[in-house]
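These notes concern the structure reproduced below.
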Amino acid sequence: MRLKIGKTLSAFAILAASASYAHAGDVEVLHWWTSGGEAAALTVLKKDLESQNVGWQDMPVAGGGGTQAMTVLRARVTAGNAPTAVQMLGFDITDWAKEGALANLNDIATAEGWDDVVPAALQKFSKNDGQWVAAPVNVHSTNWVWANKAVLDELGIAQPKTWDELVAAMEKVKAAGKTAVAHGGQAWQDATIFDAVAMSTGGPDFYKAAFVDLDPEVLGSDTMKEAFDRMSVIRSYVDDNFSGRDWNLASAMVINGDAAFQFMGDWAKGEFINAGKEPGKDFLCFRFPGTQDQVTFNSDQFALFKQGDAVSSEQGALAKAIMSPAFQSAFNVVKGSVPARVDVSDEAFDACGKQGMKDLAAASKSGNLYGSAAHGHANPASVKNAMYDVITAHFNGEYDSETAVSELVTAVEIAQ
Ligand code: GAL
């Protein structure tokens, strides 16, 4: 299976590597925003650039979380054909900056005052060695639950606030013959749930020690075993056809009332909005039970690859467009995320967006803001991918919780 995926990917990578360079006046943008909600958000950016006479050459690489996109990117750069701009997450930006591949955006950042408006938690990734190397377009967070309101109302289920209440709610849905949890069995999706479950099980100190500090004792602890046990509980409420399902199809199950809950980052909201659904009326958004005070975040940023000595005018236009306050509002309203600038009003946002902005500000103030391990903001890709393998093997029943814990310790040690 792994070999097959590898072969398909490398064939795709070779094809992508031979794609042509962007024409002058165009930006070529490599990204993984291919679902309905994501594409709608991307259109906001394309239109903004078109209005400035900058053409858009699309280089979409499907695959939530961006694993496949990063494989294609590596092939493109190796072939000497780097795209103009690339959607990127957290430590991937740092890795590419360290390789010297990214353009220096300091002139634009200084002229536009980015230092004053981008929160430190994002600047940690937007900058390398004091140099701006990426423009953040949003802040997402992974510890959300998306629920179909009619299904919950019909079964008399109140919004669960604790793990036990969540289990009782899932049980009630299952007993009524419906799918409790809409999920797609892909490693990054399993890991996205694990972000929330680990935070809920062990709390913020545990989360940081395990995923940021990579402390072997905490990785191998009883608390980690309990987190895996809870993943097994969730696994028992997923339908039989979950394997390989894309995340947006899982969102559709909740949208259509075929399932009650999805545990997913707030890009899921983009799917609900794109389907014409309203928060509070058709669907509910709330923090994963037990993580009400925490935010596990990831920020999509656009890194500009060096094309010559200076940043091209098209690259500059893209970076400026991304950082404009009006654009940050318009884009994030559609995307499901919240602005990457602290000075954007929440006026245009729906109830979930307003809550997202409030939660982010509160978590940042109280020291409860943590980088998402599943989305490249807690540790580098090598460690992240090693964790994916263990989490997904456990979710699919290859490991029991005890084995998963010891495999996690070993995998993280090898990956560093
Ligand atoms: C995340 C990304 C989001 C969303 C999601 C699913 O990694 O930050 O913008 O696209 O993947 O594709």
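When the helices in the chain are scored as -39500 (n - 2.57) per DSSP H run of 4 or longer and the sum is shared across all residues, what 222 nm value do you end up with, to the nearest 500 deg cm²/dmol?
Working: 19 runs with 212 residues, N = 416.
Calculated mean residue ellipticity at 222 nm is -15500 deg cm²/dmol.
May I ask for the equivalent-ellipsoid semi-axes of region 182-336, computed as the square root of five times each C-alpha gyration tensor eigenvalue and listed largest first in whole Å? List each step's numbers first, then the result.
Values: eigenvalues 198, 116, 44 Å².
Value: 31, 24, 15 Å, ordered largest first.
If exposed means no more than 10 neighbouring beta carbons inside 10 Å and the site is in a DSSP loop, what's the longest run of the chain without any exposed GluC sites (Glu not before Pro)? Mind showing how you got there, number by number?
On the way: sites that count: Glu99, Glu347.
It runs 100-346.
Suppose R0 equals 22 Å. What FRET efficiency, 1/(1 + (r/R0)^6) with r the Cβ-Cβ distance, do Asp246 and Asp222 give to the nearest 0.05? Write out the running numbers ahead of the final one.
Numbers: r = 35 Å, r/R0 = 1.57.
Computed FRET efficiency for Asp246 and Asp222 comes out at 0.05.
How much of the accessible area of region 339-416, probe 1.4 Å, is carbon plus sulfur, in whole percent?
Details: 1710 of 3460 Å².
Carbon and sulfur atoms account for 49 percent of the accessible area of region 339-416.
If contacts are Cα pairs under 8 angstrom and at least 6 residues apart, what is the relative contact order of the chain in percent? Numbers along the way, then the final one.
Values: 757 pairs, mean separation 106.6, N = 416.
For the chain, the relative contact order is 26 percent.
Please work out how much length the chain gains when fully extended from Asp107 to Asp129, using 0.36 nm per residue of separation minus the C-alpha to C-alpha distance, in nm with one decimal. Don't skip to the answer; put the middle values down first.
Values: separation 22, 0.36 × 22 = 7.92 nm, distance 1.52 nm.
Here the answer is 6.4 nm.
Just for the chain, what percent of DSSP beta bridges are antiparallel, to the closest 5?
Working: 22 of 38 bridges.
Here the share of antiparallel DSSP bridges comes out near 60 percent.
Just the number: Rg to Rh for region 80-187, Cα atoms, Kirkwood Rh, two decimals. Mind dumping the intermediate values first?
On the way: Rg = 21.7 Å, Rh = 17.9 Å.
Here the Rg-to-Rh quotient is 1.22.
If you average the sequence gap of Cα pairs under 8 Å that are 6 or more apart and divide by the length of region 92-242, what percent do you get for the contact order?
20
Roughly how many whole Å is it from the C-alpha centroid of region 118-139 to that of region 170-220?
Here the two parts' Cα centres lie 27 Å apart.
Taking all protein chains in place and a 1.4 Å probe, what share, in percent, of the accessible surface of region 54-108 do carbon and sulfur account for? Display every interim value, and only then the final one.
Numbers: 920 of 1790 Å².
Using a 1.4 Å probe with all protein chains present, region 54-108 comes out at 51 percent carbon and sulfur.
Roughly what would the spin-label model give for Ala150 and Asp229, points 7 Å off Cα along C-beta, in nm?
It is 3.8 nm.
Please compute, over every Cα-Cα pair in the chain, the percentage with a separation greater than 36 angstrom.
On the way: 18706 of 86320 pairs.
Above the 36 Å cut-off, the chain has 22 percent of its Cα pairs.
For region 191-285, which whole-number percentage of the solvent-accessible area (1.4 Å probe, protein heavy atoms only) is attributable to carbon and sulfur atoms? It would help to have the intermediate numbers written out before the result.
Values: 1440 of 3440 Å².
That share works out to 42 percent.
Taking only C-alpha pairs under 8 Å that are 6+ residues apart, what is the relative contact order of region 303-416 in percent? Provide the component values of the computation, followed by the final result.
Values: 70 pairs, mean separation 15.5, N = 114.
Computed over region 303-416, the figure is 14 percent.
Label point 7 Å out from Thr43 along Cα-to-Cβ: which residues of region 57-92 have amide N under 18 Å?
57-60
I need the phi-derived Karplus couplings for region 399-411: 6.51 cos²θ - 1.76 cosθ + 1.60, θ = phi - 60°, integer Hz, Gly and Pro marked x.
Karplus-based 3J(HN,Hα) across region 399-411 equals 10, 7, 4, 5, 5, 4, 4, 6, 5, 5, 4, 5, 4 Hz.
How many lysine pairs in region 271-416, separated by 8 or more positions in sequence or lying on different chains, have Cα atoms less than 23 Å apart?
11
Tally Lys/Arg at +1 and Asp/Glu at -1 over every other residue whose Cβ is under 15 Å from the Cβ of Phe288; what's the total?
On the way: positive: Lys161, Arg230, Lys269, Arg287; negative: Asp164, Glu165, Asp190, Asp195, Asp266, Asp293, Asp359.
After counting each charged neighbour, the total is -3.
Taking amide hydrogens as modeled 1.01 Å from N in the peptide plane, which residues meet the under 5 Å criterion relative to Phe305, leaving out close sequence neighbours?
Distant-sequence amide H within range of Phe305: Ala85, Val86, Ala103.
Which residue, Asp213, Asp48, Asp153, tops the fluctuation ranking in a GNM of the chain built on C-alpha contacts under 10 Å?
Among Asp213, Asp48, Asp153, the largest mean-square fluctuation in the Gaussian network model of the chain belongs to Asp153.
Please report the Cα spread of region 319-416 along all three principal axes, rounded to whole Å, starting with the longest.
So the extents along the principal axes, rounded to whole Å, are 49, 29, 27.
Radius of gyration and Dmax for region 101-246's Cα atoms, expressed in Å?
20.1, 60
Rolling a 1.4 angstrom probe over the protein heavy atoms, how many square angstrom per residue are accessible across region 258-416? Could you put the intermediate results ahead of the total?
Working: 5820 Å² over 159 residues.
Per-residue accessible area for region 258-416 comes out at 37 Å².
The values are calculated or read from the model by the stated rules, or taken from the named source; none is laboratory data. What you see is a predicted model, and the numbers here were worked out from it, not measured in a lab. Neighbour counts run over all protein chains shown; Cβ positions are idealised from the backbone, glycine included. We work out accessible area using only protein heavy atoms, side chains counted, and drop any ligands, DNA or RNA first. Shrake-Rupley method; radii C 1.70, N 1.55, O 1.52, S 1.80 Å.
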